[in-house]
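Report on the structure given below.
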Amino acid sequence: MKLKIRELSTGNQKVDEWTFLPEDWPYLLDTPCVLFTRNFVLLKFFTWGRRNTEDLMILNLITRKPFWMETRIIETQAKEKVAGQMDLSDFVMTGSEPIDMFVVDKGAFIEYKIVMDEQRIFGEEVKLG
């Protein structure tokens, strides 16, 4: 798949075609999760429940070299870090997304939001206070 990239600084006069996604890439871009930082862009794709699919990409806009990651692995590693500090057995992960990216000399760091809700059996009574 080739994408046309227009250079804003030339008033969209300079157009270049880039190929950085696989030819048969079937997934749509999750547009709220597009983050630009310096010469990098983070792209998140909807993979429609395919949990073992690389769905996050950091693309170096100078070299056009992509670095792929799986949301599932990030979620699993975050749960493992927290597991020793609190009991997560009653919680289910309901969503996650990158919210910011920082680029330093040694690489890119992604600030990531993970939402977990407590599982409740339907009709279970919860006493507050």
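FYI, it's all coordinate maths here, none of it is from the lab. Quantities reported herein were computed from a predicted structural model and do not represent experimental measurements. FYI the Cβ positions are ideal-geometry reconstructions off the backbone, even for glycines, and counts take in every protein chain you see.
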Could you sort 77-86, 27-36 so that the peptide with the highest average Cβ count within 10 Å comes first and the rest follow in order?
27-36, 77-86
Tensor-based shape of the stretch 3-118 (alpha-carbon gyration tensor, a/c under 1.5 rounded, otherwise prolate or oblate)
prolate
W48 versus K65: modelled label distance in nm, points set 7 Å from Cα along the beta carbon direction
3.3 nm
